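Note sheet for the following structure.
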Amino acid sequence: MPTSVGVVMKKERNFMIGKANKLITYLVGQLEINKDKEFEIKEYKPKRSRNSNNYAWSLITKIADVLRLDKEEVYLDMLKHYGQSEMVSVLSEIDVKGYFKYYEKVGETVLNGKEFSHYKIFKGSSEYNSKEMAIFIDGVVQEAKQLDIDTITPVELDKLKQMWKEQTYED
């Protein structure tokens with residue numbers, strides 16, 4: 001975790017990264033300068049390395065080529081088997097296409113005279129933390145191996161997972 005406070009300019013906006021005591025000291029100083037200035041505070045979570053998603057997509061593309069399928073179709077299948085999901089219920093008259101990118105209908109129910117459709121929605125891999133991504137990658141690697149697609153060695157994969165974990169400051 002970063003230990004010092006720094007003000008960084010990005011797209012003409014200031015943002016700070018640091019420990020709570022340093023941020024509080026900074027904010028108290030700002031209070032003396034401009035009492036009306038507003039701040040947004042949120043927990044700092046660096047983005048996971050792009051390497052993990054790139055590796056997943058590389059394997060998914062190879063799987064799609066071997067199976068002669070669209071890579072988005074293979075990706076959705078991988079999300080269904082190894083990804084993160086939630087269940088939601090929506091009035092059946094509502095078209096969910098504009099609300100969810102990756103989903104499948106799993107049932108219908110009538111409650112108090114209204115029909116509801118139940119969907120399993122899948123979180124895209126670019127939104128995964130390091131633990132979720134490790135599970136996803138393990139599944140994709142397993143699928144690739146079943147099709148005799150070359151993958152990195154288990155030792156290399158463990159090194160990548162450790163790198164992803166360190167880069168996300170999670171788990």
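Computed quantities for the displayed model
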{"quantity": "Some residue of the range 127-136 being without any contact (Cβ under 8 Å) to a residue 60 or more places away in the chain, surrounded by fewer than 18 Cβ atoms within 10 Å (Cβ to Cβ), within 12 Å of Ser52 (Cα to Cα) and basic (Lys, Arg)", "calculated": "yes"}
{"quantity": "Among (1) surrounded by 12 or more Cβ atoms within 10 Å (Cβ to Cβ); (2) not assigned by TED's automatic domain parsing to the domain that holds Ser58, the one test that Leu91 misses", "calculated": "(1)"}
{"quantity": "Top-ranked residue in the range 94-109 [being under 28 Å from Gly139 (Cα atoms) and of a type in the set (D, E, K, R); ranked as surrounded by the most Cβ atoms within 10 Å (Cβ to Cβ)]", "calculated": "Glu104"}
{"quantity": "Filter result for the condition that a residue is acidic (Asp, Glu), assigned by TED's automatic domain parsing to the domain that holds Lys80 and under 22 Å from Tyr99 (Cα atoms), over Glu156, Glu127, Glu115", "calculated": "Glu127"}
{"quantity": "Count of residues meeting criterion [free of Cβ contacts under 8 Å to residues at least 40 places away in the same chain and β-branched (Val, Ile, Thr)] in the range 47-95", "calculated": "5"}
{"quantity": "For Leu59: the one exception among (1) in contact with a strand residue (DSSP E or B) (Cβ under 8 Å, 6 or more places away or on another chain); (2) crowded, with 17+ Cβ neighbours inside 10 Å", "calculated": "(1)"}
{"quantity": "One residue from Lys62, Lys105 being farther than 20 Å from Leu147 by Cβ and among the charged types (D, E, K, R)", "calculated": "Lys105"}
{"quantity": "Residue in the range 137-149 that is in the same structural domain as Val66 (by TED's automatic domain parsing), more than 19 Å from the chain's Cα centre (by Cα) and small (Gly, Ala, Ser) present", "calculated": "yes"}
{"quantity": "Ile121 vs. criteria among the aliphatic types (A, V, I, L, M) and more than 15 Å from Asn53 (Cβ to Cβ)", "calculated": "yes"}
{"quantity": "Hey, Lys101 touching a strand residue (DSSP E or B) at 6+ places or on another chain (Cβ under 9 Å) and of a type in the set (Lys, Arg) or not", "calculated": "yes"}
{"quantity": "Residues (under 30 Å from Trp57 (Cα atoms) and either of a type outside the set (Phe, Trp, Tyr) or touching a residue at least 60 places away in the same chain (Cβ under 8 Å) (or both)) located in the range 108-126", "calculated": "His118, Lys120, Ile121, Lys123, Gly124, Ser125, Ser126"}
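The values are calculated or read from the model by the stated rules, or taken from the named source; none is laboratory data. What you see is a predicted model, and the numbers here were worked out from it, not measured in a lab. Here Cβ is always computed from backbone atoms with ideal geometry, including for glycine, and neighbour counts include all displayed protein chains.
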